[in-house]
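Heads up, the thing below is written out as structure tokens.
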Amino acid sequence: MTWFEKLAIVIGMVLFMECFAWATHRYVMHGWGWGWHKSHHEDHDGWFEKNDLYAVVFAIVPIVMFVVGLWWPPLWWAALGITVYGGIYAFVHDMLVHQRGGFRWVPKRGYFKRLLQAHRLHHAVEGKEGTVSHGFLFARSPSVLKAQLRANAERLKAATGR
Ligand SMILES: [Zn+2]
Ligand SMILES: [Zn+2]
């Protein structure tokens, strides 16, 4: 394999993982998988939350791919792409947004500020329904997300008749 092919696989996997993470967060974690993800939308003491089990489960896939990839290199590079995404996710979501591990950096402008605001707006809703911004590396602007939040709240109100 050429370096270009390896790099293309890694970048391609990072982009694929963002789509996969968005869909999983939107439809599984805020769907039938809410039981684990709920802990992430509530205040809690202690360092771990049940939601971390997702990271453990999702780590099994690249580990298996790394092993099998010893015999088939493209798979090894795909596993590396997933791992790179995992690293970016841990930085943006756990450290930057949720300040885990005592990380304190509040970006004042640019891309990281946008990501921070978008995920804070994801947490603006405590429950399973009506949340916005389920991605981690791509985010809509805060004004769009706020409009979506209002629309979701209206829709929920109409649906429950309250
Ligand atoms: Zn969520
Ligand atoms: Zn979060």
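Since every read-out is calculated from the coordinates, none of them should be taken as a lab result. Not measured: the values here are computed from a predicted model. As a convention, Cβ positions derive from the backbone with ideal geometry for all residues, glycine included, and neighbour counts pool all protein chains shown.
For this structure, a couple of remarks:
- Once the Cα-Cα distance is subtracted from the 0.36 nm per residue extended length, the residue 43 to residue 27 segment shows a gain of 3.5 nm.
- Lys-Lys pairs in the chain that are eight or more residues apart or on separate chains and whose Cα atoms lie under 22 Å of each other come to 10.
- Order of 22, 3 - criterion: other Cβ atoms within 10 Å of each residue's Cβ, fewest first: 3, 22
- As a rough footprinting exposure proxy, the listed residues 60, 88, 82, 11 were ranked by other beta carbons within 10 Å of their own, and the order from fewest upward is 60, 11, 88, 82.
- ³J(HN,Hα), Karplus 6.51/-1.76/1.60, whole Hz, each residue of the stretch 8-20, x for Gly, Pro: 4, 5, 4, 5, x, 5, 4, 5, 4, 5, 5, 5, 4
- Shape call, the stretch 97-162: gyration tensor on alpha carbons, a/c limit 1.5: prolate
- Look at 2, 131 and count the other Cβ atoms within 10 Å of each Cβ; fewest to most, that gives 2, 131.
- The stretch 1-71 and the stretch 113-146: distance between their alpha carbon centers, rounded to Å: 19
- Just checking the listed ones, 69, 12, 46: in the Gaussian network model of the chain with Cα springs under 10 Å, the one fluctuating most is 46.
- Nearest-0.05 FRET efficiency for residue 1 and residue 129, computed from C-beta distance (R0 30 Å): 0.10
- Cβ-Cβ FRET estimate between residue 155 and residue 103, R0 fixed at 41 Å, reported to 0.05: 0.70
- Principal axes of the stretch 3-160: Cα extent on each, largest first, Å: 55, 35, 32
- Computed from backbone phi, the HN-Hα couplings of the stretch 82-99 come to 5, 5, 4, 4, x, x, 5, 4, 4, 5, 5, 7, 6, 7, 5, 7, 9, 6 Hz, rounded to whole numbers (Karplus: 6.51 cos²θ - 1.76 cosθ + 1.60, θ = phi - 60°; Gly and Pro given as x).
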